[in-house]
1. Would you point out which residue out of Thr130, Thr72 is closer than 30 Å to Cys20 by Cα and part of a helix (DSSP H, G or I)?
2. Keeping to region 74-132, report how many residues are among the aliphatic types (A, V, I, L, M) and touching a residue at least 60 places away in the same chain (Cβ under 8 Å).
3. Right, Thr87: in contact with an Asp or Glu (Cβ under 6 Å, 6 or more places away or on another chain) and either surrounded by 15 or more Cβ atoms within 10 Å (Cβ to Cβ) or in a helix (DSSP H, G or I) (or both) or not?
4. Let me confirm something: among Gln79, Gln143, which residue is modelled with pLDDT of 85 or more and surrounded by 16 or more Cβ atoms within 10 Å (Cβ to Cβ)?
5. Take the residues of region 141-162 that are hydroxyl-bearing (Ser, Thr, Tyr) and not in a loop (DSSP other than H, G, I, E, B): which is farthest from Ala61 (Cα to Cα)?
6. So how many residues does region 56-70 have that are under 10 Å from the mean Cα position of the chain (by Cα) and crowded, with 24+ Cβ neighbours inside 10 Å?
Amino acid sequence: MAREFCPQCGTARTGAFRFCRSCQFNFDAVPAIAPAPFSSAPVPAALPSVMPVPNTAATLAGVAWLGAAAVTGILAFQQWDAGRLLTSLGDSDQGLVANAIWNAVAALLTAYFGARCLRSPNKGFLTTSTAWGVLNVAWGIYQVANGATYWLFYVVLVVSGLAGVLSFAARDAAAPSSPPATS
């Protein structure tokens, strides 16, 4: 099957997605062009007329999110380990196992946000990433307010806050969430 390329920027179409992942061109708005007969000569890919500008703030947000995910995962592991140790000694786990599970889920979601921020996110995703930063900071403040004094809690708070701020800053340079209306 022949690959389809965006006539506007030259990016290869991903599956049957309606919009180009680079410039948001609507493939469904134009009639399908019959593929050219097979040729043994290689066909060069069309180069975009304007090269996209990398979104440095989004890249930095992605790196910060991945760092926050790593630290949150380490924290979850340590909470799980401490809770299981207390239980094996016949004591209450003091909610450590439940907090470890929440932090493990948060680490996975945070890693997802990091990966997406590194892959040309649009404005809508960066808005969601900013909201995730607010939720992470709120969860960290809740844990610290309830007696968490381990230094990893503070690292997660700072890095998540930084990632949220960078996601917010990256929104101005990002592609729109939906393609612009054409007249």
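1. Thr130 is the lone residue from the list that is closer than 30 Å to Cys20 by Cα and part of a helix (DSSP H, G or I).
2. Count: 4.
3. Yes.
4. Step by step, each of Gln79, Gln143 is checked, and only Gln79 is modelled with pLDDT of 85 or more and surrounded by 16 or more Cβ atoms within 10 Å (Cβ to Cβ).
5. Restricting to residues being hydroxyl-bearing (Ser, Thr, Tyr) and not in a loop (DSSP other than H, G, I, E, B), the top hit is Tyr142.
6. 4
The values are calculated or read from the model by the stated rules, or taken from the named source; none is laboratory data. What you see is a predicted model, and the numbers here were worked out from it, not measured in a lab. In this analysis, Cβ positions are derived from the backbone assuming ideal geometry, glycine residues included, and neighbour counts consider all displayed protein chains.
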